[in-house]
Every structure is written in structure tokens, then in C-alpha cells.
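In what follows, a structure is listed as C-alpha cells, so that the remarks can point back to it.
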Amino acid sequence: MMRTLYVSDLDGTLLNTQDAVSPKSTEIINGLVERGMLFTYATARSLISASVVTKGLSAKIPVIAYNGALIIHPETGEVISAESFQQEEAEKVIRCLREYQISPLVYAYIGCEEKVSWLAGRENEGIQRYLSLRKGDPRLRPLGDSERMYDGEMFYYTCIGEKDELQPVYDILSRDDRYTCILQQELYRPEYWCEIMPRRATKANAVLKLKELWGCDRVISFGDAVNDIPMFRISDECYAVENAVDALKAMADGIILGNDADGVAAWLKENVHF
């Protein structure tokens, strides 16, 4: 019998517009997982942030965080796979950010602890909103100066702001094949995010690692945004929710109900058989 790995994006796909997995979706997915479905999610969020919005959802296998930079077991916090910047790669990003006066959120392992560092007092509206949704998060590391901003083993940078101010950074780093860069508008918000990762930090690469780890024969994925395109390309089947961007819909095998209509769970209920 063929083993299938089912992978869903979170924001805009599995999560509804209230940033939650609905009780109906939770019940359907948990029931299928108990019967043997191999289901996980791939998100740009951290495990901490994802765990809050997926509370109650069964996670029997590792999940993909930070757009593929990390694969983590949700129950133990064990990091199964990590992609981080080499020193030379990190230095180029830092020079570029400084040249264009961008103050980023810097994700790194400092010692054995995951931390998010930023320059306190330089927060724009987008970063303020990001921080307001993560009050009490043990990763948060505000700093009074930039000297220690880039401590530790860095694996992810997030820049939040106007598209025009982020575009030059994206243009420079996206042309360098050592990086994976994503520039897109925040879901339900006016500001843009420019996310900078090591080249191999993609949902696609992480999904392929999980596929091999769990001895699966094929992958079926679900998404809504441009950062799901690489994952769709390596999937045997891929489905865009009704609210997805046109570019993703164009390459999908089918369009399913939207994120406010339990689209992913409805498709799984109808199509997963044991």
C-alpha cells in the first residue's frame, strides 16, 4: 500500500481568518490521524507561534517551521533538521541590511536557545504588531544597540516594512544562489515582509526530507501563497484553497474550498481512504 504524506500550509490555508484551526477541521484531521493518516504542516511561523494557533490539532510527526529552515518534533521540541547561514553568507546579509538601513528581526540559536533579536526603539508598525502578538514569548531578545544583534547561529531574517524600502534588499539577495528570499504582503495587512533564509531552507526541501524520513511514496500538499510554489512543484498532487493567489491556483491540480470553509479538512475527509 502506498504511503502518502499530506502537508498543509497554515496561514490562509489551514488557519481561518481568525488565525485558528476551526473545531470542525481539528475534529476531522485528528480523526484521520488516529486512523493512520500522515499529516503535518509547513509554515513560515516558528514552532512556538504555530503551536498557539494549532492548539488541539494532533501532530504525530515532525512539523516544518520558518519556511523550511527547521524541522521540529512538536511534542518534544527536538530539532530534526536545521539549515543555518555560513559566516560569509550572514555577513553579506548584514552588510546589505545596514546599507539600506533596514532593522530586521534576527532568528538564531544562541547557546542552545532559540532567540529573536531586534533593535529596541527602531520598531515600525509592522514589527510592533509582530511583537504584540508574541508577548511573553521566551525567544524575544530586545537590544539597546546593534553590536549583539547578530550573535549565535543565525538561520532566518525577517524584515517588515514598505515594499519600496524592502525591494532593494530582495533584489540583491534573491539574485545570489546562496539564499532563499521571499517578498510578499502580509496576510490581511498592508505591510510587506522580506524573509531571508539559507538556500536549502525551503518548504520543498523540508517536505522531501520528511518524505524520506517517514518512508512515504508520494506527497499531497495544500497552500495559498507564493511561498508554497516550491512545495507544489515537488508534490505528486497539490491543491490551492479558493482564497489562494492566482499564481498558485494556476499550478494546482485543483481548487478546494477556502480557509474559512474548512477546505483542507473537507478535502481530506472526502479523499483519504484506508
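No lab work stands behind these numbers, since they all come straight from the coordinates. For clarity, every value in this text was computed on a predicted model and none was experimentally measured. Quick reminder, even Gly has a Cβ in these numbers, built from the backbone with ideal geometry, and neighbours come from all protein chains shown.
In region 58-81, whose amide N lies under 13 Å from the spot 7 Å out along Cα-to-Cβ of Arg200? List them in ranges.
Backbone N within reach: 69-71, 81.
Kindly list the residues of region 254-274 that lie in the label zone of Arg35, defined by a backbone N under 12 Å from the point 7 Å along the Cα-to-C-beta vector.
Inside the label zone: 268-274.
Counting other Cβ atoms within 10 Å, which trypsin sites (Lys or Arg not before Pro) in region 5-79 have at most 12 and lie in a DSSP loop?
Counting only loop positions with at most 12 other Cβ atoms within 10 Å, the trypsin sites (Lys or Arg not before Pro) in region 5-79 are Arg35, Lys55.
Quick one: dipole size for the chain, taken about the Cα centre, charges +1 on Lys/Arg Cβ and -1 on Asp/Glu Cβ, in debye to the nearest 20.
Dipole magnitude for the chain comes out near 480 debye.
Using a 4.7 Å cut-off between beta carbons, which cysteines in the chain end up with no partner cysteine at all?
Singleton cysteines: Cys96, Cys112, Cys181, Cys216, Cys238.
Counting other Cβ atoms within 10 Å, which GluC sites (Glu not before Pro) in region 138-203 have at most 15 and lie in a DSSP loop?
Those that pass, being in a loop and sparsely packed, are Glu147, Glu162, Glu186.
Using 1/(1 + (r/R0)^6) with R0 = 41 angstrom and r between the beta carbons of Lys163 and Cys112, what's the FRET efficiency to the nearest 0.05?
Plugging the Cβ-Cβ distance into 1/(1 + (r/R0)^6) gives 0.65.
With Cβ to Cβ distances under 15 Å as the rule, what net charge do the other residues near Tyr179 carry (K, R +1; D, E -1)?
-2
Largest first, please: the extent of the C-alpha atoms of the chain along each principal axis, to the nearest Å.
Principal extents (Cα only, largest first): 56, 37, 35 Å.
Please rank Asp19, Asp9, Asp246, fewest neighbouring Cβ atoms within 10 Å first, as an exposure proxy.
Fewest-to-most ranking of Asp19, Asp9, Asp246: Asp246, Asp19, Asp9.
For the pair Arg175 and Trp214, how long in nm is the line joining their label points, each one 7 Å along Cα→Cβ?
4.0 nm
With a sphere of radius 12 Å drawn around the Cβ of Trp267, what net charge do the other residues whose Cβ falls strictly inside it have (Lys, Arg +1; Asp, Glu -1)?
Charge balance in the 12 Å sphere: -4.
For region 102-109, what does the Karplus curve 6.51 cos²θ - 1.76 cosθ + 1.60, with θ = phi - 60°, yield as ³J(HN,Hα) per residue in whole Hz, taken in order and with x for Gly and Pro?
Values per residue, Gly and Pro as x: 9, 9, x, 8, 10, 9, 7, 8 Hz.
Just to confirm the filter: which chymotrypsin sites (Phe, Trp or Tyr not before Pro) across region 22-112 are DSSP coil and have at most 15 other Cβ within 10 angstrom of their Cβ?
Qualifying residues, ordered by number: Tyr100.
Given Cα pairs under 8 Å that are at least 6 residues apart, what percent is the relative contact order of the chain?
Across the chain, relative contact order equals 23 percent.
What 222 nm value per residue comes from the helices of the chain, counting each DSSP H run with n ≥ 4 as -39,500 (n - 2.57) and dividing by all residues, nearest 500 deg cm²/dmol?
After summing the helix terms and dividing by the residues of the chain, the value is -8500 deg cm²/dmol.
Sketch the reach of a paramagnetic label on Glu88 as a point 7 Å from Cα along Cα-to-Cβ, and name the residues of region 160-190 whose backbone nitrogen lies under 15 Å away.
Within reach of a label on Glu88, which here means backbone N under 15 Å from a point 7 Å along Cα→Cβ, region 160-190 contributes 176-179.
Which semi-axes, in whole Å and largest first, does the equivalent ellipsoid of region 116-220 have when worked out from the alpha carbon gyration tensor as the square roots of 5 times its eigenvalues?
Gyration-tensor ellipsoid for region 116-220: 28, 18, 16 Å.
Multiply the residue separation of His273 and Thr76 by 0.36 nm, subtract the distance between their alpha-carbon atoms, and state the gained length in nm to one decimal.
That works out to 68.0 nm of additional length.
Label points 7 Å out from Cα along the Cβ direction at Arg233 and Lys135: separation in nm?
Going by the 7 Å Cα→Cβ label model, 4.2 nm.
Whole Å is fine, so just give me how far the alpha carbon centre of region 100-124 lies from that of region 1-47.
Rounded to whole Å, the Cα centres lie 29 Å apart.
Name the residue, out of Ile256, Ile110, Ile196, whose mean-square fluctuation peaks in a Gaussian network model built on the chain with Cα pairs under 10 Å.
Comparing Ile256, Ile110, Ile196 in the GNM, the peak value goes to Ile110.
Take Arg3 and Asp19, extend 7 Å from each Cα along the Cα→Cβ direction, and tell me the distance between the two endpoints in nm.
3.6 nm
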